[in-house]
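The values are calculated or read from the model by the stated rules, or taken from the named source; none is laboratory data. Keep in mind the model is a prediction, meaning the values are calculated, not measured. Using ideal geometry, Cβ is built from the backbone for each residue, glycine included, and neighbour counts are taken over all protein chains shown.
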Amino acid sequence: MPNDLLSPTESTNAAPYSVSELAGALKRTLETTYDHVRVRAEISKVTRHSSGHVYLTLKDDRAAIDGVIWKGNVSRLKAQPEMGLEVIVTGKITTFPASSKYQIVIESLEAAGMGALLAQLERLKARLHAEGLFDPARKKPLPFAPKTIGVITSPTGAVIRDILHRIRDRWPCRVMVWPVVVQGDAAPSQVIRAIKGFESGEAPKPDVLIIARGGGSVEDLWPFNDEALARAVAACPIPIISAVGHETDTTLIDFVSDRRAPTPTGAAEMATPVLSELKGFLLDLERRRVGTFGRSMESRRERVALLSRALPKPQDLINSAQQRLDYIGHRLGGGLSKNLNLHETALVRVAGRFNPALLARPQSLKADQVTQLSNRALAALTRRVAQAESHARLPALTQRMDDAVQRQLKQRCDRLLSLEQLRQSLNPDRPLNLGFARVHRKDGALVASAAAVTTNDALELHFKDGVVDVVATTDAPPQTPPTSKPTPKKVTPPPSSDQGSLF
């Protein structure tokens, strides 16, 4: 009993405690006396605060005590607190002076017996199944012939040797081993770290992952029932084969992985095909291909032979055609003579209706008609040739006509521009734009020289922007008439033979 706590029988002259002093004294007494206790109880209420702390109530059939788990210890617990779970907690007793309550600060928490662990596992499985993590539709297919296989397991056990030996016998390929511990509290975090490492490319990315561990008790395999590990396996984009324990052992990652193998050796067999079987299969396919090709060629050869029997011989075809040619050649001369006689008879019959006197001279009439027909044919042929030559010249003549029209238009346009320039140069108002003035009398007559102006003559000065009236003050001095220059003779150019008049 601390010295600062007085019994009721002591002197009443002792100094009184304040409420906070009394609460602090009680807190120190409890924490000193019960600084390490283990309590077996059932969790009746769990509250996870936004700060990360967990508040709960431990109870049995006759009493209850509040508990708190600080944020730093929540992730290190062997079992997560859940309503109705029977647990064994370790911690210290303390008080909360603000409400005069005592509570236990929990440092470790574990399920009280295997039955509680299995019940917790069943509840976790039901929650993950409700989220769809066990859905077969989300499971990824395994590659047929992987180039790289990743193995997450212990580097010292017999499991890795069995896997490597089986892969080497079936399908020699690259194997990347990420060593982890497969038992104890550190196992889930290390396996998650390995999955993330393969996924992020920290190690060469494999085509398939194998998470393997040998057999053991339920407690030994319990790290593979971790919720965070199960979610990491379900979220991994690489196909994962779970090979934890023997065929009768079942862990949580078996349900979320893409394939479950009964043993680590079975996982190696699932991940790889048998190279010798593939070679034999290819050889069998090649043998079947060669046999099929040979049978197809033989069948076609027989079909060609059967079809060739129905075809006539080439010499027979030539002989038959030669015979028809000889027969037609023999009849050709007689046919031509017969046809000529028929036409001669028809010609004589028609000609006799127009001139009966010519009936006595059929040979002469025939010769004259032939001559006339020949002349007409020659004339028609000449006209046809001339027409063809004319038609052949049409494109060239058309092009020449177009060129001539364009030249005429250009020449007339140039002539029109020259006349326009001449008109502009002869415009009497054009010098006004340069600052000159034009002198007129009042009657509108143009004054062309100073000699035409006398004193007091009323004049008008025409500027660009108006007219100014002025009066002459003096007479103009007499001027010597300018010496006239001989007018040069205008030479008229000869008319062009290939150019017409401009107008």
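Which of (1) over 21 Å from residue 186 (Cβ atoms); (2) aliphatic (A, V, I, L, M); (3) in contact with a strand residue (DSSP E or B) (Cβ under 9 Å, 6 or more places away or on another chain) does residue 311 not meet, given it meets every other one?
Evaluating residue 311 over (1) over 21 Å from residue 186 (Cβ atoms); (2) aliphatic (A, V, I, L, M); (3) in contact with a strand residue (DSSP E or B) (Cβ under 9 Å, 6 or more places away or on another chain) leaves (3) as the failure.
Quick one: in the range 159-198, of everything that is small (Gly, Ala, Ser) and exposed (fewer than 14 other Cβ atoms within 10 Å of the Cβ), which residue is nearest to the chain's Cα centre (by Cα)?
Applying the filter and picking the extreme gives 186.
Among the residues of the range 256-274, how many are of a type outside the set (A, V, I, L, M) and in a loop (DSSP other than H, G, I, E, B)?
Looking only at that region, the number is 6.
I'd like to check something: does the range 61-72 contain any residue that is more than 30 Å from residue 25 (Cβ to Cβ), in the same structural domain as residue 26 (by TED's automatic domain parsing) and either crowded, with 16+ Cβ neighbours inside 10 Å or among the β-branched types (Val, Ile, Thr) (or both)?
Checked the range 61-72: no residue is more than 30 Å from residue 25 (Cβ to Cβ), in the same structural domain as residue 26 (by TED's automatic domain parsing) and either crowded, with 16+ Cβ neighbours inside 10 Å or among the β-branched types (Val, Ile, Thr) (or both).
If residue 218 passes every condition in (1) within 35 Å of the chain's Cα centre (by Cα); (2) touching a residue at least 24 places away in the same chain (Cβ under 8 Å); (3) surrounded by fewer than 18 Cβ atoms within 10 Å (Cβ to Cβ) but one, which one does it miss?
Just one mismatch for residue 218, condition (1).
Is it the case that the range 199-214 has a residue that's modelled with pLDDT under 95, in the same structural domain as residue 163 (by TED's automatic domain parsing), in a helix (DSSP H, G or I) and over 18 Å from residue 164 (Cα atoms)?
Within the range 199-214, one or more residues are modelled with pLDDT under 95, in the same structural domain as residue 163 (by TED's automatic domain parsing), in a helix (DSSP H, G or I) and over 18 Å from residue 164 (Cα atoms).
For residues in the range 73-101 being closer than 15 Å to residue 36 by Cα and hydroxyl-bearing (Ser, Thr, Tyr), which is surrounded by the fewest Cβ atoms within 10 Å (Cβ to Cβ)?
Selected residue: 90.
Do you know which of the residues in the range 228-248 that are out of contact with any Leu (no Cβ under 6 Å at 6 or more places or on another chain), surrounded by 15 or more Cβ atoms within 10 Å (Cβ to Cβ) and not hydrophobic (A, V, I, L, M, F, W, C) is farthest from residue 197 (Cα to Cα)?
242
Looking only at the range 233-255, decide whether some residue is more than 29 Å from residue 131 (Cβ to Cβ), part of a helix (DSSP H, G or I) and in the same structural domain as residue 146 (by TED's automatic domain parsing).
Within the range 233-255, none of the residues are more than 29 Å from residue 131 (Cβ to Cβ), part of a helix (DSSP H, G or I) and in the same structural domain as residue 146 (by TED's automatic domain parsing).
To keep it simple, each residue is scored yes or no on (1) at pLDDT 80 or above; (2) basic (Lys, Arg); (3) over 60 Å from the mean Cα position of the chain (by Cα).
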residue: 279; (1), (2), (3): yes, yes, no
residue: 298; (1), (2), (3): yes, no, no
residue: 304; (1), (2), (3): yes, no, no
residue: 307; (1), (2), (3): yes, no, no
residue: 324; (1), (2), (3): yes, yes, yes
residue: 336; (1), (2), (3): no, no, yes
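On the given criteria, is residue 125 of a type in the set (D, E, K, R), assigned by TED's automatic domain parsing to the domain that holds residue 207 and part of a loop (DSSP other than H, G, I, E, B)?
Answer is no for this residue.
Evaluate the following for residue 98: is it farther than 22 Å from residue 40 by Cβ, modelled with pLDDT of 90 or more and aliphatic (A, V, I, L, M)?
It is false that residue 98 is farther than 22 Å from residue 40 by Cβ, modelled with pLDDT of 90 or more and aliphatic (A, V, I, L, M).
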